[in-house]
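Every number in this text was worked out from the coordinates using simple rules, so none of it is lab data. Just so we're clear, the structure is a prediction, and the values are computed from it rather than from any experiment. Cβ placement follows ideal geometry from the backbone for every residue including glycine, while neighbour counts extend to all protein chains displayed.
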Amino acid sequence: MKKQFWRWPEYRRTVPDKDWTRAEVVTAGVDVGAVSSKAAIMIDGELYAYSIMRTGASSPDSANKAMDWALEGTGMKLGHIQYIVGTGYGRVNVPFANKAITEITCHARGANYIWGPTVRTILDMGGQDCKAIRCDEKGKVTNFLMNDKCAAGTGRGIEVIADLLSVPIEEVGSMSLVVEKEPKPVSSTCVVFAKSEALELLRKGWPKEMVLAAYCSAMASRIAELLRRVGMERDFVITGGISKNVGIVKRLEDIISIKALPMKKEFDPIIAGAIGAGLFAKEFYEKERKDA
Amino acid sequence: MGSKNVKVLIFKDGQILTRGLAPSGFDQKAAAEKVFNGVLRKAGLSRGDIDHVVVTGAGKDLAPYANSEVSVVGADALGGNFLYPSARTVIDVGAETSRAARCNEKGKMIDFVINEKCAAGSGTFIEAMARALEVRLEEIGPLSLKAEKIISMNAQCTIFAESEVVSLIHEKTSKADIARAIHDSIANRIASLTRRLGIQRDVALMGGVAKNVGFVNSLQRTLEIELLVPEEPEFVGALGAALTPLKSGGNEK
């Protein structure tokens, strides 16, 4: 079988030194994205365990798998979770969720949790869309813009190029920075045409690093345009899978002359949406309990 | 000189003498040279016998022997008018671009719109979808005519549409129904491009994608107009180019 260069590592994690059996409120957020599915388990509003895996052909299956994996090894069962919110592209297909909330709302809330109340602009660069979100000090969305119509500027676009150049997707960003001089960005917007353009550059003898640099740079300008249109305000953070692509992040920061807040070691920026959903779950649970 | 194929046509005494086509490949200049020589040989002519060479779709740098050049939309209008004097709108769907032009009764181009930024409105889209559907490109058009159900695709983007086709196959949707949805999708893109220009009858359709019966059917349905489609639609641009010196006394730039 051909090596699948677009494949990124799936993993799960339990936050050390936390005992869920003593928690008062156990909630979860499940973010079924177009490309990856994430489940975050929260105890008393704090992240306890999470999983990140590839979304399969069926959203309910993907939600189940992500949830099961997040629970793995914790001794916790699905029944222990008091309230679950589904989010993301497949949010209405999370079989065990009590409620569904859009990923834009959840990402803003999750970013507020991860980086704190100073966050005002969130860029969520996902597998099949890209969103620029503005929020207030509570993580409430005030405005947003998104591209979900076109693969240019999304993770899917990077997957295509990674596959074309036989470069593992996690290395695309770092490799693209190993160039002496920044090449001209790829001129095609469309990923299909950009792929032909990249082939043409390779044929001209460009090293892979240069082709990747040209591609990442084109993507960064496209994303910068989205941010410019929504209006930038500090602090600025990046969530979603592409936040790990240093080649795009670095070029984007250069274009907009604003640095994103550094990633927090204990929070993978991919799970911001799932965390936000888990926090909303806690609110809903407490409200229902009060009303009851 | 198209992004996929290079077409050469020799026009003599008011009619098409001969024509030829070859893939553009990586060296379009060499491909054009080769087709040109091949067509000359077929016609029993030499370079010296040709009074005027017009290039379209690329600059003279790729066809240094050309005496003049003409825009693709200008060529479409002239070629379309020659074949169908009643045509006032010409739509050309090629491998990587799609365009529509309005022209007058003399085949003079008046206005045009073009999409060359996005693969979703071009032949590349159908090629990618045929690959995803695992049918040959020549088969996807006829296949779509056998559709029984009308389904529509959500994705516009070629990359996203590929995944959508794969999931439709997983859901056991018939390939014919998917094929029709694919052609309806590109027909929608072309229709909205053309509407931006304003549609004036008659409407002629050309470019390589016009050979696809499924696409022609979808576009006719979408526009609710009977389209004029020549037998060899991919040569209309070359025909129009060949006609320019006759129309403009060779001054066309």
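Quick notes on this one:
- Chymotrypsin sites (Phe, Trp or Tyr not before Pro), loop per DSSP, at most 14 other Cβ atoms within 10 Å - longest free stretch of chain B: B:66-253
- Three principal axis lengths of chain B [C-alpha, angstrom, descending]: 61, 37, 28
- Chain B - percent relative contact order, Cα under 8 Å, separation 6 or more: 22 percent
- Charge dipole (debye, nearest 20) of chain B; +1 at Cβ of Lys and Arg, -1 at Cβ of Asp and Glu: 260 debye
- Computed over chain A with a Gaussian network model linking Cα atoms closer than 10 Å, the most mobile of A:178, A:35, A:191 is A:178.
- Taking every alpha-carbon pair under 8 Å whose residues sit at least 6 apart, chain A reaches a relative contact order of 24 percent.
- Selection from B:90, B:160, B:145 lying farthest towards where the dipole of segment B:76-170 points positive, charges on Cβ: B:90
- Segment A:157-292 - percent relative contact order, Cα under 8 Å, separation 6 or more: 24 percent
- Estimated from helices alone, the mean residue ellipticity of chain A at 222 nm is -12000 deg cm²/dmol (sum of -39500 (n - 2.57) over DSSP H runs with n ≥ 4, per residue).
- Angle of helix B:236-248 to the longest C-alpha principal axis of chain B, folded into 0 to 90 degrees and rounded to 10: 30°.
- Among the trypsin sites (Lys or Arg not before Pro) in segment B:68-143, those placed in a DSSP loop whose Cβ has at most 11 other Cβ atoms within 10 Å are B:106, B:136.
- Distance between the C-alpha centres of segment A:237-292 and segment A:77-141: 8 Å, rounded to the whole angstrom.
- Neighbour net charge for residue B:137 - beta-carbon separation under 12 angstrom, K R +1, D E -1: 0
- Exposure rule at most 14 other beta-carbon atoms within 10 Å, DSSP loop GluC sites (Glu not before Pro): chain B longest free segment: B:1-104
- Residue by residue along A:155-163, Cβ atoms of other protein chains within 10 Å of the local Cβ number 1 on average.
- Efficiency of FRET between residue B:174 and residue A:146 - r from beta-carbon atoms, R0 25 angstrom, step 0.05: 0.15
- Sparse-neighbour loop sites [trypsin sites (Lys or Arg not before Pro); segment B:140-183; at most 14 other C-beta within 10 Å; DSSP]: B:146, B:149, B:172
- Sequence of A:48, B:84 once ranked by neighbouring C-beta atoms within 10 Å, starting from the fewest: B:84, A:48
- Proxy reagent accessibility, fewest Cβ within 10 Å first, across B:52, B:183: B:52, B:183
- Label-point gap, in nm, between residue B:220 and residue A:58 - each point 7 angstrom along Cα→Cβ: 4.2 nm
- In sequence order, calculated HN-Hα J values of segment B:190-200 (Karplus, 6.51, -1.76, 1.60; Hz; x Gly/Pro): 5, 5, 6, 4, 5, 5, 4, 7, x, 9, 10
- Number of partner chain Cβ atoms within 10 Å, mean per residue of B:154-161: 6
- Net dipole in debye of segment B:23-110 [+1 Lys, Arg Cβ; -1 Asp, Glu Cβ; about Cα centre; nearest 20]: 160 debye
- Angle in degrees between helix A:191-203 and the longest Cα principal axis of chain A, rounded to the nearest 10: 40 degrees
- FRET efficiency, 1/(1 + (r/R0)^6) with R0 41 Å, evaluated for residue A:203 and residue B:104 via beta carbons: 0.45
- If R0 equals 22 Å, the separation of the Cβ atoms of residue A:292 and residue A:44 corresponds to a calculated FRET efficiency of about 0.65.
- Residues in segment A:219-262 that a label on residue A:136 would reach, taking backbone N under 19 Å of a point 7 Å out along Cα→Cβ: A:231-236
- At most 14 other Cβ within 10 Å, DSSP loop - trypsin sites (Lys or Arg not before Pro), segment A:5-90: A:7, A:77
- Note that segment B:20-28 has calculated 3J(HN,Hα) couplings of x, 8, 8, x, 5, x, 7, 10, 5 Hz, one per residue in order, obtained from phi through the Karplus relation 6.51 cos²θ - 1.76 cosθ + 1.60 (θ = phi - 60°); glycine and proline are x.
- Within chain A, the longest run free of exposed loop sites, counting GluC sites (Glu not before Pro) that sit outside DSSP helix and strand states (H, G, I, E, B) and have at most 11 other Cβ atoms within 10 Å, spans A:25-136.
- Entry note: segment A:215-292 has Rg to Rh equal to 1.14, where both radii use alpha-carbon atoms and Rh is the Kirkwood radius.
- For B:177, A:61, order by how many other beta-carbon atoms lie within 10 Å, fewest first: A:61, B:177
- The largest-to-smallest principal axis extents of the Cα set in segment B:190-249 are 39, 24, 16 Å.
- Building the convex hull from the alpha-carbon atoms of segment B:61-201 and averaging its projection over directions returns 10.3 nm².
- DSSP assigns beta bridges within segment A:120-256; of those with both partners inside it, close to 75 percent run antiparallel.
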